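The values are calculated or read from the model by the stated rules, or taken from the named source; none is laboratory data. A quick note: this is a predicted structure, and the numbers were derived from the prediction, not measured. Neighbour counts are summed over all protein chains in view; Cβ atoms, including those assigned to glycine, are modelled from backbone coordinates with ideal geometry. Areas reflect the complete protein model, heavy atoms only, side chains present, ligands, DNA and RNA absent. Shrake-Rupley method; radii C 1.70, N 1.55, O 1.52, S 1.80 Å.
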Amino acid sequence: MNDASVQTGAETPAAPIGVITEIHGPVAVIRCAPLPTLGRALRVDLDGERCVFEVHQHLDGQRVRAIALHETAGMRRGLAVYDTGGPLRVPVTPACLGRLLNLFGEPLDGGAPLSGEAFPAIHGQALPLSEAVGVSGILETGIKVIDLLCPFVRGGKTGLFGGAGVGKTVLVMEFMHAIATVHKGVSVFAGVGERIREGHELWHEMQAAGVMPQTVMVFGQMDESPGVRFRVGLSALTYAEYLRDALHREVLFVVDNVFRFVQAGSEISSLLGRMPATLGYQPTLTTEVAEMEDRIQSSRRGAVTSVQAVYVPADDMTDPAVSTILNHLDTVVILSREQAARGIYPAVDPLESGSKLMDRHTLGDRHYTIAEGVRQHQARYRELEEIIAMLGIEELSPADQRIVVRARKLQRYLTQPFWVTAAHTGMAGVSVPLARTLDDCEAFLLGRYDAVPEERCYMRGGMEPVPA
């Protein structure tokens, strides 16, 4: 059997290994001999179409419980089941760039199928410790508030936390634009549980922004089996590992949305009959998240930097799923609904967001000092907001008045028009180097822009130089 048949099941073995005895939605109980290993891909033929199952549980010496990765409508007891010869595999090739694919590496964009150079299994292994490379400095994005207050770590993991409608997907698209234009790298986008409308719009927006030629998009849509939504992240990660090792490029691995990956695991856990744990989540929550997160690694051949959008249910950061994901991250970007309501975009909360590498050794004295100064001004402004609302700014001391004025201007300065939203806003996107951001923020803190009106600081790139 060739590699392609392992991946697609296109070549039927001489004899089936078993039959379906029960069907419960996307779950099938299969009687088979010999007993396939966990994670094995099995195949059923139904009216000329194939349906792939993945083995998730051994019930006894003759039966397994498997999750369907295709629709199960029309299936019946007694259908013959064939072994594909291994776990689920995807075709990898440099021609995958610019393509829109599904879990199996099949095209969703109407293009020709990929003729893979190799067919790695999606259940890859994490790099050995001897080959793995740790985080290595700051990865500039050109987004002022990110580079200043919660910088990306090259080879690290960043989480974008926020409820619905606060701008997670737009920020993700801007990061992908920065990787393609600033760092000349490539991006792999894993759409986990995306709505069809969202995926369609995102694909066209990526094309309009000129990012798609350096991007692979892998989608497991909301209307598909929980098995697809549970495994599409691993499929996309397989492409990221291939691009890292084969092209030796800077790779941005984007997941939108990790919470839907957790939800899919919860659905599967219930279908397999496991007892729910805390707040109804699956008892295997920690290991399932770690299975994907621990494979996001950099090697000497290339770096994989991950950005993960995380939906926060009811804006509750103590939710077990959110807490589990937080444990794996280097940088946390909290998107605030309050900031979005004020028209502050990106709606990053400057006080809640941060990075594990926010120290003088990593950032340098100047960057660290300026970032702390900006945070202190924002914190003091937040403390004084209620007093200002009741009594007015005139009742504050002269020192506090200066802090409030500068904090409000800094808040507006840290807004920015994005490249990927230029067609909607009518404002051309800007990318601001970190050195320029530091110069401008230092000038704000020293009072050099005290005479500049607030509206002159809003939605722009860098400030004009202060006259001597």
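Surface exposure of the chain, expressed per residue as accessible area with a 1.4 Å probe, stands at 42 Å². Computed from the C-beta positions of residue 279 and residue 132, the FRET efficiency with R₀ = 22 Å rounds to 0.05. For residue 277, the residues 5 or more places off, or on other chains, whose built amide H falls under 5 Å of its own are 282. Of the listed residues 311, 413, the order by accessible area with a 1.4 Å probe, largest first, is 311, 413. Selection among 111, 90, 461 by position relative to the dipole of the chain gives 90 as farthest towards the positive end (Cβ unit charges, Cα centre). Summing charges over neighbours of residue 225, with a neighbour being any other residue whose Cβ is under 12 Å away from its Cβ, gives -3 when K and R count +1 and D and E count -1.
Net charge within 14 Å of residue 337 by Cβ-Cβ distance, Lys/Arg positive one each and Asp/Glu negative one each, not counting residue 337 itself?
Values: positive: 168, 342; negative: 315, 316, 338, 349, 352.
Around residue 337, the charge tally is -3.
On a straight-distance basis, which lysines could pair with residue 168 in a cross-link, Cα separation under 19 angstrom, same-chain partners fewer than 8 positions away excluded? Qualifying lysines at Cα under 19 Å: 144, 157.
For the chain, the antiparallel share of DSSP beta bridges with both residues in that region comes to about 55%. Between residue 109 and residue 337, what FRET efficiency comes out of the Förster formula 1/(1 + (r/R0)^6) with R0 = 41 Å and r the beta carbon distance, rounded to 0.05? That gives a FRET efficiency of 0.75.
Computing FRET efficiency as 1/(1 + (r/R0)^6) for residue 362 and residue 49, where r is the C-beta to C-beta distance and R0 is 51 Å, gives about 0.45.
Expressed as a whole number of Å, what is the distance separating the alpha-carbon centroids of region 184-205 and region 357-375? Between the Cα centres of region 357-375 and region 184-205 lies a distance of 34 Å. Placing 184, 409 in order of accessible area, with the largest value first and a 1.4 Å probe, yields 184, 409.
Relative to the Cα centre, the charge distribution of region 224-356, modelled as +1 at Lys and Arg Cβ and -1 at Asp and Glu Cβ, gives a dipole magnitude of about 360 debye.
Sorted by average packing, counted as other Cβ atoms within 10 angstrom per residue and highest first, what order do 127-140, 248-261, 63-76 take? Can you show the working numbers first?
Numbers: 127-140: 14.1, 248-261: 24.1, 63-76: 18.2.
Put in order of decreasing packing, that is 248-261, 63-76, 127-140.
Extension gain for residue 318-residue 291 works out to 7.6 nm (0.36 nm per residue, less the C-alpha to C-alpha distance). Accessible surface of region 150-240, 1.4 Å probe: 54 percent of it comes from carbon and sulfur atoms. Surface composition of region 263-356: carbon plus sulfur atoms contribute 53% of the solvent-accessible area (1.4 Å probe, protein chains only, all chains present).
Taking the longest Cα principal axis of the chain as reference, the axis of helix 258-271 is set at about 30 degrees. In degrees between 0 and 90, to the nearest 10, how far off the longest principal axis of the chain does helix 398-413 point, with axes built from Cα atoms? Value to nearest ten degrees: 40. Computed over neighbours whose Cβ is under 15 Å from that of residue 72, the net charge equals -4, Lys and Arg +1, Asp and Glu -1.
Rounded to the nearest 10 square angstrom, residue 204 shows an accessible area of 80 square angstrom against a 1.4 Å probe. What you get for region 322-398, charging only the Cβ of Lys and Arg (+1) and of Asp and Glu (-1), is a dipole of about 280 debye around the Cα centre.
Highest first, please rank the peptides 302-309, 115-122, 221-228 by the mean number of other Cβ atoms sitting within 10 Å of their residues.
On the way: 302-309: 25.4, 115-122: 16.4, 221-228: 20.9.
Output ranking for 302-309, 115-122, 221-228: 302-309, 221-228, 115-122.
Projecting the Cα atoms of 61, 246, 215 onto the charge dipole of the chain (Cβ charges, centred on the Cα centre) puts 246 farthest toward the positive pole. With only Cα atoms counted, the chain has Rg and Dmax values of 24.9, 87 Å. Charge dipole (Cα centre; +1 on Lys/Arg Cβ, -1 on Asp/Glu Cβ; no other charges) of the chain amounts to roughly 480 debye.
Dipole of region 157-206 computed with +1 at Lys/Arg Cβ and -1 at Asp/Glu Cβ about the Cα centre; of 169, 193, 179, farthest Cα towards the positive end is 179.
Accessible surface comparison of 458, 368, 239, 281, probe 1.4 Å, protein chains only, largest first: the order is 458, 368, 281, 239. Residues whose amide H lies under 5 Å from that of residue 153, counting only those 5 or more places away or on a different chain, are 139; hydrogens are built 1.01 Å from N in the peptide plane. Relative to the longest principal axis of the Cα atoms of the chain, the long axis of helix 434-445 lies at roughly 40 degrees. Taking only protein heavy atoms and a 1.4 Å probe, the accessible area of region 88-139 is 57% carbon and sulfur.
A straight chain from residue 383 to residue 464 at 0.36 nm per residue would run longer than the Cα-Cα distance by 26.1 nm. What the phi angles of region 167-184 give under the Karplus curve with 6.51, -1.76 and 1.60, with θ = phi - 60°, is a coupling list of x, 5, 5, 4, 5, 4, 4, 5, 4, 5, 5, 5, 4, 6, 8, 7, 9, 6 Hz, glycine and proline written as x. The spacing between region 207-274 and region 101-118, judged by their C-alpha centroids, is 14 Å. The peptide list 312-319, 427-434, 330-337, 102-109, put in order of mean Cβ contacts within 10 Å with the highest first, becomes 330-337, 102-109, 427-434, 312-319.
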